[in-house]
Each structure stands twice: as structure tokens, then as C-alpha cells.
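Coordinate-derived values only; no laboratory data. For clarity, every value in this text was computed on a predicted model and none was experimentally measured. All Cβ positions, glycine included, derive from the backbone under ideal geometry; neighbour counts span all protein chains shown.
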Amino acid sequence: MPESVVGPRASRPAEGVRAYRLIAAMWIRSSLTYRTSFVLTLLGNLTVTGLDFATILLMFTQVDRLGGWSMPEVALLYGLSTTAFGLADLVFGSMDVLGARIRDGSFDILLVRPAPVLAQLGADRFALRRLGRVVQGGLVLGYALAAVPVEWTAVKVLLVPVTVISGAVIFCALFLVGATFQFVAQDAAEVENAFTYGGTTLLQYPPTVFGRDFVRGVTFLLPLAFVNWIPAAYLLGRPYPLRLPEWTVWSPPLVAVVCCALSGLAWRAGLRSYRSTGS
């Protein structure tokens, strides 16, 4: 059954984008039917995600620096990682439902529809309320960019959107890998969340508060350091984690492409191995 959806038709990116757009638009129209409820939910989401930054602010009521980083510098880390993750969560945040779909047999329905499975699953129950995290992260990022002592140049200004977009793509790749793992585990949503939601949480803190071996792991094995640690170090004139070469500040787009390629291969392998629930 899976082979029919990984053939030439399903491999066309334009078709996948179109299917994703149509499904997402359907869910957006549904969520906007009750506008007051939507606005309240969006504000609630913004408030809840803001509690993460409130925790950081509380820390700085007791200390002047965290791992040698000032509050505006930590806010820069927070803003970069939260905005990037918020965009990825908005686009691919529904991937964690794959395990439940496999268990109840509803995943088979996606396989027989004339649309790429990945587009259907990614846009499934598209939640516009997740914009709250993007807005909240963007507000903190705007404050941090205005508060940190950086001598802005055209190169540094360009680096900010490049970093956010690359970080969002890296998180999307993690969402896809986590979903692929559920073909094997079938009940691994929390494992996926440990690397996605957990990943953005650890990136909100400076690399200097973590052990050197841990920093190596999130640089070379799970390349989360390229989401914000390395670009932020360049902007602030700080030493790079693990003393990486200076040119690595422009490597996030390359890392994002590699992550997408590897996660895509993993997804195709997982989809080909799927043999239905047998129900």
C-alpha cells in the first residue's frame, strides 16, 4: 500500500505544497468560524508560552549573569530559538499524531487519498493558534536585538532572518524524524517532544551552563547549536561553542538542508516499511 504514495506523483514538491495549502486553509477557515474563541485561544497560547521567558526573568532577579551571559544576551538566545521553533511548530506541529493514527488505523485513509501523505499529515488539524508562540518569540527577539551591545552591519542584519529560517527548517526536520520513529514505536509522541520541545528549551540557555560533552552532542549529533548558539556568539563577539571556525556562522542553511535530506530519506524508508494495522 505505501508504495503507491511514494511513486512519481507523490514525489512532486509542487503537488505536496498545493495539498498542504488546501488542507491548512480548510482548518484555518474552521478555526476562524468562531472568531472570539479563536482570539481568546491565541492570546492564551501567547500567555502560556510567555511563561518560559518569565522563568528566565525570575532567574535574573537573583543573578546578574547566567553562565557569563547578561539578560539581553540570554533574551537573544531565547528569541532566536523560540521564533524558529514556533514557525516549525506552526507548519509541522501536527506530526506527533502519527502514532495515534497508526494505532487506530486512520493512517491507512491518508494512504489511499490522491495527495502526498506527508502534506496531509503535516497540515492535519493545522492550528493557527500556534502563531502565539511565534509572536511571543518575535517580541522577545525584537527586545533583545535592541538591547544587546552589537555594532550592526549589513552582514549581521542579514544573519538574523537567515538564522531564524534555518532554525525553523532544522526543527521541521526533527519533527519529521520523530514522526518516522513512530512507525517503529507507534506510541512515541513524548520521545519526539523530548527532542523538539525539549530542544528549544535547552537552547534558551547559554552553552556555558552545559557540560562540554553535552555541547558536542547538540553540535555534531543533534545539530541544535546551529539554531542560535553559534549565530548569537558571532553577533555578540563571544567565543564559539567548542571553538569552531568563524565561518561556521553561515553554516545553518547548509545544516538545515542536510537535516531535511536525511529526515526525508528516513521518512521514505519508514513509509515503505509500513504494513497497515491489519484491522
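Enumerate the calculated ³J(HN,Hα) couplings along the range 132-149 in order (Karplus 6.51 cos²θ - 1.76 cosθ + 1.60, θ = phi - 60°), each rounded to whole Hz, writing x wherever the residue is Gly or Pro.
x, 5, 5, 4, 5, x, x, 5, 5, 4, x, 4, 5, 5, 7, 9, 6, x
May I ask for the angle, rounded to the nearest 10°, between helix 252-273 and the longest principal axis of the chain, with both axes built from Cα atoms and the value confined to 0 to 90°?
30 degrees
Pick from Val63, Val140, Val255 the residue whose mean-square fluctuation is largest in a GNM of the chain, springs joining Cα atoms under 10 Å.
Its mean-square fluctuation being the largest, the pick is Val63.
Compute, for the chain, the length of the dipole vector about the Cα centre, with Cβ point charges of +1 (Lys, Arg) and -1 (Asp, Glu) only. Units Debye, rounded to 20.
620 debye
Under a 10 Å cutoff between Cα atoms, tell me which one of Glu15, Glu73, Glu192 has the largest fluctuation in the Gaussian network model of the chain.
Glu15
Taking the Cα centre of the range 11-141 as the origin, how large is its charge dipole in debye, to the nearest 20, when only Lys and Arg (+1) and Asp and Glu (-1) carry charge on their Cβ atoms?
Roughly 520 debye for the range 11-141.
Restricted to Cα positions, what overall size does the chain have along the principal axes? Three whole-Å values, descending.
Extents along the principal axes: 59, 46, 34 Å.
Fewest to most neighbouring Cβ within 10 Å: what's the order for Ile230, Ile109, Ile170, Ile23?
Ile109, Ile23, Ile230, Ile170
Just going by the charge dipole of the range 2-273, with Lys and Arg at +1 and Asp and Glu at -1 on Cβ, which of Trp152, Pro114, Thr49 is farthest out on the positive end?
Ranked along the dipole, the leading option is Pro114.
Can you work out the FRET efficiency for the pair Thr208 and Arg268, with r the C-beta to C-beta distance and R0 = 30 Å, to the nearest 0.05?
About 0.15, to the nearest 0.05.
Using Cα-Cα distances under 8 Å and only pairs 6 or more residues apart, what relative contact order does the range 2-273 have, in percent?
Relative contact order comes out at 27 percent.
With label points built 7 Å along Cα→Cβ from the Cα atoms of Arg275 and Ile109, find their separation and express it in nm.
With each label point 7 Å from Cα toward Cβ, the separation is 2.5 nm.
Can you give the net charge of the other residues whose Cβ lies under 11 Å from the Cβ of Arg133, counting K and R as +1 and D and E as -1?
Local charge sum for Arg133: 0.
So which trypsin sites (Lys or Arg not before Pro) in the range 48-150 are both in a DSSP loop and have at most 13 other Cβ atoms within 10 Å of their Cβ?
Arg65, Arg125
Cα centroid distance between the range 159-179 and the range 192-266, in Å?
Answer, in whole Å: 11.
For the Cα atoms of the chain, what angle does the longest principal axis make with the long axis of helix 71-92, in degrees from 0 to 90, nearest 10?
Taking Cα atoms only, the helix is inclined about 10 degrees.
Rounding to the nearest 10 and keeping the result within 0 to 90°, find how far the Cα-based axis of helix 35-59 lies from the longest principal axis of the chain.
Tilt of helix 35-59: around 40 degrees.
Modelled label-to-label distance, Met26 and Ala185, 7 Å Cα→beta-carbon offset: nm?
So the two model labels end up 2.9 nm from each other.
What trypsin sites (Lys or Arg not before Pro) does the range 189-279 have in DSSP loop regions with at most 10 other beta carbons within 10 Å?
Listed in order of number, the matching sites are Arg275.
Rounded to the nearest 500 deg cm²/dmol, what is the calculated helix-only ellipticity per residue at 222 nm for the chain, with -39500 (n - 2.57) per DSSP H run of length n ≥ 4?
So the calculated ellipticity at 222 nm is -22000 deg cm²/dmol.
For Met71, Met59, which order do you get if you count the other beta carbons within 10 Å of each Cβ and list the fewest first?
The most exposed by this proxy come first: Met59, Met71.
Take the Cβ-Cβ distance between Arg243 and Glu151 as r, set R0 to 25 Å, and report the resulting FRET efficiency rounded to the nearest 0.05.
So the FRET efficiency works out to roughly 0.65.
For Cys172, Cys260, what's the fewest-to-most ordering of other Cβ within 10 Å of each Cβ?
Cys260, Cys172
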